[in-house]
Amino acid sequence: MTSDDTPWEPPRAGDELAHLLGALDRLRATFRWKADALDAAGLRTTTAASRLTLGGLVKHLALVEDFKSTVSLSGAPLGEPWDPHAWDDDEDWEFNSAADDAPAALYALYDGAVQRSRARFASALRDGGLDALAHSSSAEGEHASVRRLLFDLVEEYGRHTGHADLIREAVDGRTGEDPPAGWRPTSWHL
Amino acid sequence: MWTTPDQDPRTFGNPEGELANYREYLDNYRLTIGLKCEGLDAEQLARRSVPPSTMSLLGLLRHLAGVENSWFQRVLQGLDQPLPYRREDDRDWDWNGAVADDAVVEEARASWQAEIAKADGWLDSFDEAELGSTVPLGDGTVSVRDVLVHLIEEYARHAGHADLLRECIDGRTGQ
């Protein structure tokens, strides 16, 4: 197996930044694999007593990627393609509205958000590294470090991938810790 | 008991330094898993509440005892200890042996906590400057840093499993 088959594997021994970004990218790939190649019914499937769906998680993590890399990181507005008033009547709007979105639109939204987020964090890291203070702050005015934002992303992905594990198994039996070697996201545009 | 915000044992600080950061995230996940398992009886803890998955919260506690042991004792320290809940005839004994029995529950909690205590003892004496040092893993090596980041990932993912397992037992969500 070569690294070309599993480009999401983090380095075995790199510095703190390489490991943090490596862990995040592996989780992005794993989550994408858990949510990949489903039709609208698959993306809307719930399991047992929970209302969570894979489509809802895809849209939620797209939002998280864009939010952390704009509002939290630099204070910039959330930006396209989001409407900041979408949550006015439903604080879980991204989870709930995903049921009305076409699979191709959901996957494209997510893939685009990851690209934007990677670029914004790369730019911030070039400027100030992990110790730089982000715009996001506590009620007491203590700013989070860029390190902290990236760890929040790792945590958030890890946890939602755990949700995706159980939902996907209920959808079609797909299980596993990591994507198989050679896996690439299915594009619904092709 | 579900905690109120002012009683939440977890910390949400902004710790300075790499090792302190790793430890805070790891500790908070351990506490989160503990909270998700609180206030349930043996039957609820052993219930496979999100079929067709065979996961249960009790199975998760046993699995995490093995995770702590595997990374902190075997990989990071090179100690040759028997892996908790590993049976030659059933590689998933941590999950499969999680039956609704008070004694099994107590043993699992104690085993997980004992592994955490051993791990913390090692971390307490670990020098942050050594995070880049490597230890053997499989046919290669891995840095201490990579193991700690992976553990946080792994705990986060299992906390996601715990979220759904708990929601499907009694409707509890959050934390």
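The values are calculated or read from the model by the stated rules, or taken from the named source; none is laboratory data. Just so we're clear, the structure is a prediction, and the values are computed from it rather than from any experiment. For neighbour counting, all protein chains shown are included, and Cβ atoms are generated from backbone atoms with ideal geometry for every residue, glycine included.
Select from the range B:139-153 the residues that are more than 19 Å from B:Arg23 (Cα to Cα) and within 10 Å of another protein chain (Cβ to nearest Cβ) and write down the one among them that is surrounded by the most Cβ atoms within 10 Å (Cβ to Cβ).
Our first condition is that a residue be more than 19 Å from B:Arg23 (Cα to Cα); within the range B:139-153, this holds for B:139-141.
Okay, now just the ones that are also within 10 Å of another protein chain (Cβ to nearest Cβ), so B:140-141.
Values: B:Gly140: 9, B:Thr141: 13.
Of everything passing the filter in the range B:139-153, B:Thr141 is surrounded by the most Cβ atoms within 10 Å (Cβ to Cβ).
For residues that are in contact (Cβ under 8 Å) with a residue 40 or more places away in the chain and at the interface with chain B (Cβ under 8 Å from one of its Cβ atoms), scanning just the range A:131-155, find the one that is farthest from B:Arg157 (Cα to Cα).
Residue satisfying both the conditions and the ranking: A:Ala144.
Return a yes/no flag: does the range B:106-120 have any residue that is closer than 30 Å to A:Leu20 by Cα and loosely packed, with under 14 Cβ neighbours inside 10 Å.
yes
(1) at pLDDT 95 or above; (2) surrounded by fewer than 16 Cβ atoms within 10 Å (Cβ to Cβ): which one isn't true of B:Glu88, the others all being true?
With (1) at pLDDT 95 or above; (2) surrounded by fewer than 16 Cβ atoms within 10 Å (Cβ to Cβ) applied to B:Glu88, the lone miss is (1).
Any residue at all in the range A:147-170 that is among the polar types (S, T, N, Q), at pLDDT below 95 and surrounded by 20 or more Cβ atoms within 10 Å (Cβ to Cβ)? Show your work before the answer.
Start the filter on the range A:147-170 by keeping residues that are among the polar types (S, T, N, Q), which leaves A:161.
Filter once more, keeping what is at pLDDT below 95: none.
No, the conditions are met nowhere in the range A:147-170.
Just checking, how many residues over the range A:156-187 are within 7 Å of chain B (Cβ to nearest Cβ), of a type in the set (Gly, Ala, Ser) and farther than 13 Å from A:Phe31 by Cβ? If you could, list the steps in order and put the result at the bottom.
We begin by selecting, within the range A:156-187, every residue within 7 Å of chain B (Cβ to nearest Cβ); these are A:158-163, A:165-166, A:169-170.
Imposing the further condition that a residue be of a type in the set (Gly, Ala, Ser) reduces the set to A:158, A:162, A:170.
Then drop every residue that is not farther than 13 Å from A:Phe31 by Cβ, which leaves A:170.
Total meeting the criteria: 1.
Could you list, in sequence order, all residues of the range A:1-18 that are over 22 Å from A:Gly176 (Cα atoms) and at the interface with chain B (Cβ under 8 Å from one of its Cβ atoms)?
First pass over the range A:1-18, keeping only residues over 22 Å from A:Gly176 (Cα atoms): A:13-18.
Matches in the range A:1-18: A:Ala13, A:Gly14, A:Asp15, A:Glu16.
Consider the range B:119-153. How many of its residues are within 30 Å of B:Leu40 (Cβ to Cβ), of a type outside the set (A, V, I, L, M) and at pLDDT 95 or above?
Final tally of qualifying residues: 2.
Answer yes or no: is there a residue in the range A:163-175 that is in contact with a Leu (Cβ under 9 Å, 6 or more places away or on another chain) and assigned to a loop (DSSP other than H, G, I, E, B).
no
Any residue at all in the range A:9-32 that is part of a loop (DSSP other than H, G, I, E, B) and among the polar types (S, T, N, Q)? Working first, answer last.
The initial filter retains those residues of the range A:9-32 that are part of a loop (DSSP other than H, G, I, E, B), namely A:9-15.
Cutting the leftovers down to among the polar types (S, T, N, Q) gives us none.
Checked against the condition, which is being part of a loop (DSSP other than H, G, I, E, B) and among the polar types (S, T, N, Q), the range A:9-32 yields no hits at all.
So how many residues does the range A:80-137 have that are part of a loop (DSSP other than H, G, I, E, B), aliphatic (A, V, I, L, M) and at pLDDT below 95? Write out each step before concluding.
Just the residues of the range A:80-137 that are part of a loop (DSSP other than H, G, I, E, B), to begin with: A:80-83, A:88-92, A:101-102, A:129-132.
Then keep just the ones that are aliphatic (A, V, I, L, M); that gives A:102, A:130, A:132.
If we keep only those that are at pLDDT below 95 as well, we get A:130, A:132.
Qualifying residue count for the region: 2.
Of the conditions (1) surrounded by 19 or more Cβ atoms within 10 Å (Cβ to Cβ); (2) farther than 30 Å from B:Pro52 by Cα; (3) among the hydrophobic types (A, V, I, L, M, F, W, C); (4) within 14 Å of chain A (Cβ to nearest Cβ), B:Leu164 satisfies every one except a single condition; which number is it?
(2)
If B:Ala100 passes every condition in (1) surrounded by fewer than 18 Cβ atoms within 10 Å (Cβ to Cβ); (2) farther than 29 Å from A:Arg174 by Cβ; (3) of a type outside the set (Lys, Arg) but one, which one does it miss?
(2)
Out of the range A:44-79, which residues are assigned to a helix (DSSP H, G or I) and free of Cβ contacts under 8 Å to residues at least 24 places away in the same chain? Steps first, please.
First, pick out the residues of the range A:44-79 that are assigned to a helix (DSSP H, G or I): A:44, A:54-72.
Hit for the range A:44-79 is A:Phe67, nothing else.
I'd like the full set of residues that are in contact with a Ser or Thr (Cβ under 6 Å, 6 or more places away or on another chain) and assigned to a helix (DSSP H, G or I), limited to the range A:139-162.
Of the residues in the range A:139-162, the ones in contact with a Ser or Thr (Cβ under 6 Å, 6 or more places away or on another chain) are A:143-144, A:149, A:161.
Of everything in the range A:139-162, those that are in contact with a Ser or Thr (Cβ under 6 Å, 6 or more places away or on another chain) and assigned to a helix (DSSP H, G or I) turn out to be A:Leu149, A:Thr161.
Step by step: first the residues of the range A:116-130, then only those that are buried (at least 18 other Cβ atoms within 10 Å of the Cβ) and farther than 13 Å from A:Leu17 by Cα, then the one that is nearest to the other protein chains (Cβ to nearest Cβ). Which residue is that?
This residue is A:Ser117.
If you take the residues of the range A:35-67 that are closer than 26 Å to A:Arg148 by Cα and within 14 Å of chain B (Cβ to nearest Cβ), which of them is farthest from the chain's Cα centre (by Cα)? Before you say what the answer is, go through the steps one by one.
Narrowing the range A:35-67 to residues closer than 26 Å to A:Arg148 by Cα: A:56-67.
Adding the requirement that they be within 14 Å of chain B (Cβ to nearest Cβ) leaves A:56-57, A:60-61, A:64.
Values: A:Gly56: 12, A:Leu57: 9, A:His60: 8, A:Leu61: 4, A:Val64: 7 Å.
The extreme case among them is A:Gly56.
Just the residues that are at pLDDT 95 or above and in contact with a strand residue (DSSP E or B) (Cβ under 8 Å, 6 or more places away or on another chain), please, taken from the range A:18-71.
A:Val71
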